Amino acid sequence: NFPAPKPLDIRVPNFPADETKGFHQVPFASTVFIERSDFKEESEPGYKRLASGQPVGLRHTGYVIELQNIVRGSSGCVERLEVTCRRADAGEKPKAFIHWVSQPLVCEIRLYECLFQHKNPEDPVEVPGGFLSDLNPIVFNRTVTLKEDPGKI
């Protein structure tokens, strides 16, 4: 029950803690991606994100989603969630607001380990051989994909 016939443009601050640093537009469409950690099939005490019977707000949109159905793939894993959407002011205030992305760009992200093996590589007591002797031999670990908000380009 997406509230509009076409995607909405949501104005999002570049730095939420300091709105004087500007804004960018983010599309908000009927398909929304959330972080896996923002959903649990069964709510636990203290868990405030999306769960059965526990709606959440979508940050910066003014909308709340509530779980209706869990769709599983052939392996039994959660494939997608079907939710209903309502204005945040049309009902009880949700316990939490979560990050989301709609119409994302797929990005390749490289995760690195620390460059040095010690916290203070220039400390002669901690690293007697100097910082060059403290280089981590395995700096590059892995590449992952990420869905990123297209308004940041």
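The values are calculated or read from the model by the stated rules, or taken from the named source; none is laboratory data. Given the structure is predicted, the values throughout are model-derived calculations rather than measurements. Positions of Cβ are backbone-derived with ideal geometry, glycine not excepted, and every protein chain shown enters the neighbour counts. The accessibility values were calculated without ligands, DNA or RNA, using every heavy atom of the protein model including side chains. Shrake-Rupley method; radii C 1.70, N 1.55, O 1.52, S 1.80 Å.
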Report summary line: Any aspartates and glutamates whose Cα falls less than 17 Å from that of Lys48, other than same-chain ones fewer than 8 residues away, would be Glu35, Asp38, Glu66, Glu92
Query raised in the report: For the stretch 90-102, in order, what is each residue's ³J(HN,Hα) by Karplus, 6.51 cos²θ - 1.76 cosθ + 1.60 with θ = phi - 60°, in whole Hz (x at glycine and Pro)?
Result: 9, x, 5, 5, x, 6, 8, 10, 10, 6, 7, 8, 10
Report task. Sequence neighbours fewer than 8 away in the same chain don't count; with that in mind, list the lysines whose C-alpha is under 22 Å from Lys147. Result -> Lys6, Lys40
Query - For the chain: relative contact order, % (alpha-carbon pairs under 8 angstrom, 6 or more apart) - result: 20
**Report entry** the stretch 3-15 - phi-based ³J(HN,Hα) in whole Hz, Karplus 6.51/-1.76/1.60, Gly and Pro as x
**Finding:** x, 9, x, 9, x, 8, 9, 9, 8, 10, x, 5, 10
Report summary line: Label model pair His99, Gln54: point-to-point distance (7 angstrom along the Cα→beta-carbon line) in nm is 2.0
Query - Whole-Hz ³J(HN,Hα) from phi, Karplus 6.51 cos²θ - 1.76 cosθ + 1.60, for the stretch 47-60, glycine and proline x - result: 7, 10, 8, 5, 7, 4, x, 10, x, 9, x, 9, 3, 6
Report task. Scan around Phe97 for amide H atoms under 5 Å from its own, H built in the peptide plane at 1.01 Å from N, and keep only partners 5 or more places away or cross-chain. Result -> Gly57
Requested in this report: Mind giving me the nanometre distance, one decimal, between the label points for Val125 and Phe15, set 7 Å out from Cα along Cα→Cβ?
Outcome: 3.6
Query raised in the report: What length, rounded to one decimal in nm, is gained on full extension from Ala4 through to Leu132, with 0.36 nm per residue of separation minus their alpha-carbon distance?
Result: 40.3 nm
Query - Kirkwood Rh, Cα atoms: Rg over Rh of the stretch 8-104 - result: 0.99
Query - GluC sites (Glu not before Pro) within the stretch 16-81, DSSP loop, no more than 11 other Cβ atoms inside 10 Å - result: Glu41, Glu42
Report task. At 1.4 Å probe size, with every protein chain present, just tell me what the per residue accessible area of the stretch 35-153 comes to in Å². Result -> 70
Query raised in the report: What percentage of the solvent-accessible surface of the chain, computed with a 1.4 Å probe over protein heavy atoms, is contributed by carbon and sulfur atoms?
Result: 52
Query - Label point at Glu66 placed 7 Å out along Cα→Cβ; residues across the stretch 87-101 whose backbone nitrogen lies under 14 Å - result: 87-95
